[in-house]
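Taking it in order: structure first as C-alpha cells, then the write-up.
Just so it is clear, none of the values below were taken in a lab; they were calculated from the coordinates. Computed from a prediction, not measured in an experiment: that's the story for all the values here. Don't worry about glycine lacking a Cβ; one is built from the backbone with ideal geometry, like all the others, and counts go over all protein chains shown.
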Amino acid sequence: MKAVLVSRLRLVASIFAAALAGCSGGGFLPFDAGPHTMDPAVLAAIVRTQSHAHRVPPSLVHAVITQESDGDPSAISPAGAMGLMQLMPATARAYGAVNPFDPQQNVAAGTAYLHDLLVRYHGNLTLALAAYNAGSVAVARYHGIPPYAETRGYVEHVTQLYRGAAHTP
C-alpha cells in the first residue's frame, strides 16, 4: 500500500516538474486543454546530445518522438507510457529516468533504450522498432514483428519518418 502511494506521489511530482521545466499547456494530462509543447530548438539540442552520446541517428530519435508523443513532454498513454519517447515506468527506471516527464531524462533514457535494442537486433531497425513498441518478448515469441496491427503500423510509420528525415537537407 505504501509503495503504491509513493509511486503515485512520484507521478504527481513528475507532472509538476515537467510544468516547471518550461512546458506549456496540458497535453494528454487529465487537466488543462491544448497541446503541450516545448521549444523545438531545445528539443533538437537534447536529441543531438543524446543521439551523439548513444550513437543513434538524431533523425531516428526525432521519428520515434514524433510517433510516440508528437513532441509532447507531458504525454501519457492509456498503457502508462510517459513523456516524449513514451517510456514505460520499468524502462524509465532501468535507464535512470527518475522524472520521465523531464525532456532531458526522457530522451536520454529512450535513446539509450533504442541503442540497446539496435545492438540486440544487430542493427535491424525493423526489429528494434517492433521491440520498442511491443517489447522484446513479443518479437522473440513471433520471431520477428508481432502480428499486431498497432506494431506493424508503428514500425512502418517510424521507418517512413526516419527515412524521410534522413533525405531532407
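Per-structure values
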{"quantity": "Residue pairs meeting the criteria (Cβ under 8 Å; at least 6 apart or on separate chains; first of a type in the set (V, I, T), in the range 62-91; second not in a helix (DSSP H, G or I))", "calculated": "V64/M85; I65/G71; I65/L84; I65/M85; I76/G27; I76/F28; I76/L29; I76/M82"}
{"quantity": "Residues of the range 116-169 satisfying the condition of being surrounded by fewer than 20 Cβ atoms within 10 Å (Cβ to Cβ) and more than 20 Å from V61 (Cβ to Cβ)", "calculated": "V137, A138, A140, R141, Y142, H143, G144, P147, Y148, A149, E150, R152"}
{"quantity": "Test: residue in the range 53-71 that is over 21 Å from L125 (Cα atoms), surrounded by fewer than 23 Cβ atoms within 10 Å (Cβ to Cβ) and either touching a His at 6+ places or on another chain (Cβ under 6 Å) or not aromatic (F, W, Y) (or both)", "calculated": "yes"}
{"quantity": "Test set (1) aliphatic (A, V, I, L, M); (2) within 23 Å of A53 (Cβ to Cβ); (3) loosely packed, with under 13 Cβ neighbours inside 10 Å - A79 fails condition number", "calculated": "(2)"}
{"quantity": "Residues (assigned to a loop (DSSP other than H, G, I, E, B) and among the hydrophobic types (A, V, I, L, M, F, W, C)) located in the range 53-106", "calculated": "V56, A75, A79, A81, L84, M85, M88, A97, V98, F101"}
{"quantity": "Qualifying residue in the range 128-149 (condition: within 13 Å of the chain's Cα centre (by Cα), within 20 Å of M38 (Cβ to Cβ), polar (S, T, N, Q) and assigned to a helix (DSSP H, G or I))", "calculated": "no"}
{"quantity": "Total residues in the range 74-115, condition closer than 18 Å to Y162 by Cβ and not hydrophobic (A, V, I, L, M, F, W, C)", "calculated": "5"}
